[in-house]
Amino acid sequence: MTDSWWKKSVVYQIYPRSFADADGDGMGDLRGVIDHLDHLAELGVDVLWLSPVYPSPQDDNGYDISDYQDIEPLFGTLEIFDELLAGAHARNMKIIMDLVVNHSSDEHRWFQESRSSTDSPKRDWYWWRPARPGMEPGAPGAEPTNWGSVFGGPSWEYDEKTGEYYLHLFSKKQPDLNWENPEVRQAVYAMMRWWLDRGVDGFRMDVINMISKDVSLPDGRLTAGSVYADGSASFIGGPRLHEFLQEMHREVFEGRDGLLTVGEMPGVTVDEAVLHTDPQRHEVDMVFQFDHVWVDRGPDPWLLVPLQLTALKAILGRWQAGLADVGWNSLYWNNHDQPRVVSRYGDDSPAHRSASAKMLGTVLHLHRGTPYVYQGEELGMTNYPFGGIDEFRDIEALGQYRQAVELEGRTPEEVLTVLRARGRDNARTPMQWDDSPHGGFTTGTPWLSVNPNHAEINAKAQRADPDSVFHYYRRLIQLRKTEPAVADGDFTMLLPHDERVYAFTRRLGSTELLVIGNFSGVEAHAAIDGWDGAELLLTNLEPPAGGLRLAPWQAVVYRRSV
């Protein structure tokens, strides 16, 4: 086992409440994951990332944790978790846990003690502040800062018992932990060691670049039409972030082999990511950045912007170049917070869904970095046809809808148009296992409706079809393991100004790969010379008939010796 084993690996994210329900209560569970381990082993993935399975009031679907060292009863027990861990390891798959330590649940015993009185020994475990000078505590505008919450509304909640406010960058049931307090950090490290001792293989760290705040907590800048300010300058990549991550590495990971650590870091820059992932600095193995999944967002959050391929290439090319010599990229299109990529950057119509899903997978997996597959991505699952706001369940969508309609004067249809395309519930509709009622996800009533297209898009049908998206993803994953240039080769972007064709090369020693994807519904020509007679390694459609002329949504991968 080498320190960089994850360069040749593929990670699969499981959102447990939507993956598989084994007991018929409409909610996915750990037994359901165990029942489908063979599906994941057949796919060929190496690491399973579990979204939170800890006890939680489920205000934010488990990202509000009330006990870091147990399993949510809806999902199972520690004994069942141990069985899942053993089953994954028996199939040569690792498991990493979701680490959510920027905030806890307000029902965690730490916060219950913290809010019990201003003299509580754990008072300073969270961010408590009095009202603004000269203002009545609890009055509108008396919050300590003007920051808005990610989920809508203010980022401060007034607590009548103690007459002060606590900070919550997300839901009011997700108070932010105060990492300035060394007792907090040691409690977190002890919990992490407990899971590693149990056998887990690492952590995906939720919004980990928010744990260090500017302790002066200054007001943010208000923009036109906004009720609350963006305070991210005070908590994104804060002054002690590197110090905290390096301390975590010393306290938790040092001396343990074969682990994977990835930090989710909204707003992280390439230069910051180089520092975070430099092996000599001992912070994390890779980061999740958001630039490429924000490329279709304009200055108005309630206005959809079509994908500009040249902008996407510029972003991903910048990250490839920036981490070429030091550090490492994570590669993803989908996760539990993003809409389905085939509906977003591809074409989810019956005529092109399969081809565009395969093309998007090809382009992503052949970049330099570790690919992440989100459940259902290997089937080409699509966005859900949401009707009204009553069909959404996500706290972010509901909170933003209320703020936009009730406070900002947006029309319901204006907001719904964006939520249908970008809402997180698109990723959270249940996994489509077969064409039976509820897609084989549950025998009960699912917590979130199954996409009605499960009759056509499901795992059972695709595993039986050698030309399916599932089997294409298997070939993509296998190519990473058999062709060293995929994991270790350098990266060169081609045709940066072409609005239809995404093309690049990967080179290692005397082997060079050419990867081309047509991001359009019309035929496109890749003006690249010198590849006549090269070996066609992979394509999602019939091989190009003449030169590098690609059919709509076609992907090709060529190999040659140089």
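The values are calculated or read from the model by the stated rules, or taken from the named source; none is laboratory data. Predicted model, so just to flag it, every value in this text is computed and none were measured. Methodologically, a virtual Cβ is constructed for each residue, glycine included, from the backbone with ideal geometry; neighbour enumeration extends over all protein chains shown.
Sub-6 Å Cβ pairs linking a first residue in region 386-413 that is within 16 Å of residue 337 (Cα to Cα) to a second residue that is in a helix (DSSP H, G or I), at least 6 apart or interchain, are 392/425; 393/425; 394/425; 397/419, ordered by first then second residue. Only a single item in (1) within 30 Å of residue 4 (Cβ to Cβ); (2) free of Cβ contacts under 8 Å to residues at least 24 places away in the same chain is not met by residue 221, and it is number (1).
Among the residues in region 66-75, are any acidic (Asp, Glu), free of Cβ contacts under 8 Å to residues at least 24 places away in the same chain and assigned by TED's automatic domain parsing to the domain that holds residue 54? The answer is yes, given that some residue of region 66-75 is acidic (Asp, Glu), free of Cβ contacts under 8 Å to residues at least 24 places away in the same chain and assigned by TED's automatic domain parsing to the domain that holds residue 54. Every condition in (1) without any contact (Cβ under 8 Å) to a residue 40 or more places away in the chain; (2) under 30 Å from residue 434 (Cα atoms); (3) in a strand (DSSP E or B) holds for residue 536 except the one numbered (2).
The residues in region 78-131 that are in contact with a strand residue (DSSP E or B) (Cβ under 9 Å, 6 or more places away or on another chain) and hydroxyl-bearing (Ser, Thr, Tyr) can be counted, and the count is 4.
Here's the yes/no breakdown for (1) closer than 30 Å to residue 6 by Cβ; (2) surrounded by fewer than 21 Cβ atoms within 10 Å (Cβ to Cβ); (3) in contact with a Ser or Thr (Cβ under 7 Å, 6 or more places away or on another chain); (4) not assigned by TED's automatic domain parsing to the domain that holds residue 385:
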residue: 414; (1), (2), (3), (4): no, yes, no, no
residue: 419; (1), (2), (3), (4): no, no, no, no
residue: 422; (1), (2), (3), (4): yes, yes, no, no
residue: 434; (1), (2), (3), (4): no, yes, no, no
residue: 444; (1), (2), (3), (4): no, yes, no, no
residue: 461; (1), (2), (3), (4): no, yes, no, no
residue: 482; (1), (2), (3), (4): yes, yes, no, yes
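Contact annotation: residue pairs with Cβ atoms under 6 Å, 6 or more positions apart or on different chains, pairing a residue in region 20-41 that is in the same structural domain as residue 443 (by TED's automatic domain parsing) with a partner that is assigned to a helix (DSSP H, G or I) and among the hydroxyl-bearing types (Ser, Thr, Tyr), are 28/18. When residues in region 302-333 are screened for being surrounded by 15 or more Cβ atoms within 10 Å (Cβ to Cβ) and at pLDDT below 90, 1 of them pass. Kindly check whether there is at least one residue in region 351-365 that is surrounded by 20 or more Cβ atoms within 10 Å (Cβ to Cβ), assigned by TED's automatic domain parsing to the domain that holds residue 204, among the small types (Gly, Ala, Ser) and at positive phi. No, region 351-365 contains no residue that is surrounded by 20 or more Cβ atoms within 10 Å (Cβ to Cβ), assigned by TED's automatic domain parsing to the domain that holds residue 204, among the small types (Gly, Ala, Ser) and at positive phi. Restricting attention to region 436-443, does a residue exist that is in a helix (DSSP H, G or I) and within 27 Å of residue 47 (Cβ to Cβ)? Within region 436-443, one or more residues are in a helix (DSSP H, G or I) and within 27 Å of residue 47 (Cβ to Cβ). Of a type in the set (Phe, Trp, Tyr) and in contact with a Ser or Thr (Cβ under 6 Å, 6 or more places away or on another chain) - does that describe any residue in region 277-289? Within region 277-289 (the criterion being of a type in the set (Phe, Trp, Tyr) and in contact with a Ser or Thr (Cβ under 6 Å, 6 or more places away or on another chain)), the answer is yes, since at least one residue qualifies.
Only residues that are exposed (fewer than 13 other Cβ atoms within 10 Å of the Cβ), of a type in the set (A, V, I, L, M, F, W, C) and under 20 Å from residue 133 (Cβ atoms) were counted across region 210-246, and they come to 1.
Right, residue 60: at pLDDT below 95 and charged (D, E, K, R) or not? Judged against the criteria, residue 60 is a match.
Of the residues in region 161-181, none is of a type in the set (Lys, Arg) and free of Cβ contacts under 8 Å to residues at least 40 places away in the same chain. Taking the criterion of being in contact with a helix residue (DSSP H, G or I) (Cβ under 6 Å, 6 or more places away or on another chain), touching a residue at least 60 places away in the same chain (Cβ under 8 Å) and farther than 25 Å from residue 50 by Cβ, the only residue of region 233-273 that qualifies is 235.
Within the span defined as region 78-100, every residue fails to be hydrophobic (A, V, I, L, M, F, W, C), assigned to a loop (DSSP other than H, G, I, E, B), closer than 27 Å to residue 444 by Cα and in contact (Cβ under 8 Å) with a residue 12 or more places away in the chain. Taking region 277-301 as the range and being over 18 Å from residue 338 (Cβ atoms), in contact (Cβ under 8 Å) with a residue 60 or more places away in the chain and over 18 Å from the mean Cα position of the chain (by Cα) as the test, only 279 passes.
With respect to residue 177, determine if the residue is surrounded by 21 or more Cβ atoms within 10 Å (Cβ to Cβ) and either assigned by TED's automatic domain parsing to the domain that holds residue 241 or at pLDDT 95 or above (or both). Taking the combined requirement at face value, the residue satisfies it. With respect to the conditions (1) under 24 Å from the mean Cα position of the chain (by Cα); (2) free of Cβ contacts under 8 Å to residues at least 60 places away in the same chain, residue 512 falls short on a single one, namely (1).
The helices (runs of 4 or more DSSP H) found entirely in region 247-346 that carry 1 or more residues being under 30 Å from residue 385 (Cα atoms) are 309-322, 341-344. Evaluating residue 112 against the criteria (1) in a strand (DSSP E or B); (2) without any contact (Cβ under 8 Å) to a residue 12 or more places away in the chain; (3) not basic (Lys, Arg) leaves one unmet condition, (1).
For every residue, the table says whether it meets (1) in contact with a Cys (Cβ under 6 Å, 6 or more places away or on another chain); (2) without any contact (Cβ under 8 Å) to a residue 40 or more places away in the chain; (3) farther than 30 Å from residue 299 by Cα.
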site	(1), (2), (3)
416	no, yes, no
425	no, no, no
436	no, yes, yes
453	no, no, yes
459	no, no, yes
474	no, no, yes
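Tell me which residues, restricted to region 438-451, are β-branched (Val, Ile, Thr) and without any contact (Cβ under 8 Å) to a residue 24 or more places away in the chain. Residue satisfying the conditions is 450 alone.
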